[in-house]
Amino acid sequence: MENSNMGKEDFIMMLKPNVINLHLGLEKPVRILQLTDVHLSLSDERNKEDMIPYAAGRRDVFFREAEFPERDPIGYLQDAMEYSKGFDCTVITGDLVDFNTYKNYDVAKELLAGKDYMFCAGNHEFTPKPGTDSMELKRGSWDYIQSHFRGNMHIESRIVGGVNIICADNGFRLWTKEQLAVLKAEAARGLPMLVFCHVPIANDMLTLEGKDNARKLGYTEEEIAESVATAQYLVDEPLVKAFFAGHGHHNHYWDFHGKPSYMIGGLFKGIVGEITID
Ligand SMILES: [Fe+2]
Ligand SMILES: [Fe+2]
């Protein structure tokens with residue numbers, strides 16, 4: 001599809017915006033671009049040799065899942081960052097890479113260099129190979145991975161046009177007491193809050209039951225209880241107005257305890273969340 005007659009605008013036209021309008025009674029609309037699930041799948045000689053063919057296989061998996069798109073994930077991320085210039089804020093909600101390799105993070109850093117964005121981690125950011133997640137791997141690789149991005153990928157907030165945009169890591173379906181403290185401090189500002197995270201908010205986050213996977217990942221009972229308390233706070237705090245996530249790779253909307261909740265499809269398919277708050 002790509003040819004020499006195509007300009008930057010044509011590539012941007014290949015993006016597939018999921019257009020969302022949310023009414024909060026703002027004086028002036030705020031426009032947010034959400035990007036998620038790019039799944040960069042690259043490796044080179046600095047990681048184990050078998051990761052090079054493995055990475056090629058993963059690229060093929062996402063190419064097929066996206067039904068043979070015009071652009072590869074790198075191309076779509078370039079397009080989306082160009083497109084983001086027309087928005088008040090850009091939020092990237094994780095699975096930017098498919099696995100933790102030097103090449104993936106070099107490329108991610110290069111593509112985002114000098115750009116303004118908020119970023120939270122997904123479930124793929126820390127794994128050397130999908131399927132090998134653990135809290136130990138996450139804690140051990142956190143500083144290296146964070147060094148490739150601006151901001152704080154655990155939780156950060158930004159006030160834009162009277163809206164408090166919160167971007168928080170829940171990549172393993174769990175929240176933390178540090179996030180709860182930040183959320184409470186942000187709520188004290190009295191502004192409507194929009195919560196962006198990787199995994200869609202769901203009822204299983206509100207109960208201590210069924211947390212066997214969390215235990216397997218290395219979470220303590222105390223950390224699991226703290227996660228449930230944080231998720232419950234997100235439901236109970238009236239200033240939290242809506243949730244925006246990724247992870248499922250397709251667009252979806254649901255009502256979560258009276259709050260609009262959105263899942264945005266994967267950028268490896270060309271999908272972006274085009275969110276207007278007014
Ligand atoms: Fe994903
Ligand atoms: Fe994910």
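Laid out as a table, the results:
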| read-out | value |
| --- | --- |
| The listed residue being surrounded by 15 or more Cβ atoms within 10 Å (Cβ to Cβ), within 16 Å of ligand 1 (Cβ to nearest atom), in contact (Cβ under 8 Å) with a residue 12 or more places away in the chain and within 22 Å of the chain's Cα centre (by Cα), out of GLY151, GLY171 | GLY171 |
| ILE166, sole failed condition from (1) at pLDDT 95 or above; (2) on the phi < 0 side of the Ramachandran plot; (3) open to solvent by 20 Å² or more (accessible area, probe 1.4 Å); (4) not in a helix (DSSP H, G or I) | (3) |
| Conditions (1) in contact with a Pro (Cβ under 8 Å, 6 or more places away or on another chain); (2) within 17 Å of HIS148 (Cβ to Cβ); (3) within 16 Å of ligand 2 (Cβ to nearest atom): number failed by PHE62 | (2) |
| Options GLY140, GLY171, GLY131; residue that is on the phi > 0 side of the Ramachandran plot and not aromatic (Phe, Trp, Tyr) | GLY131 |
| Which numbered condition LEU24 fails, given (1) closer than 15 Å to VAL97 by Cβ; (2) touching a residue at least 60 places away in the same chain (Cβ under 8 Å); (3) part of a loop (DSSP other than H, G, I, E, B) | (1) |
| Residue selected from region 176-193 under the condition without any contact (Cβ under 8 Å) to a residue 40 or more places away in the chain and not in a helix (DSSP H, G or I), by the criterion surrounded by the most Cβ atoms within 10 Å (Cβ to Cβ) | ARG189 |
| Index of the failed condition, PHE196 passing every other in (1) within 16 Å of ligand 2 (Cβ to nearest atom); (2) among the hydrophobic types (A, V, I, L, M, F, W, C); (3) without any contact (Cβ under 8 Å) to a residue 40 or more places away in the chain | (3) |
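The values are calculated or read from the model by the stated rules, or taken from the named source; none is laboratory data. These figures come from a predicted structure and were not determined experimentally. Methodologically, a virtual Cβ is constructed for each residue, glycine included, from the backbone with ideal geometry; neighbour enumeration extends over all protein chains shown. The area values use the complete protein model at the heavy-atom level, side chains included, leaving out ligands, DNA and RNA. Shrake-Rupley method; radii C 1.70, N 1.55, O 1.52, S 1.80 Å.
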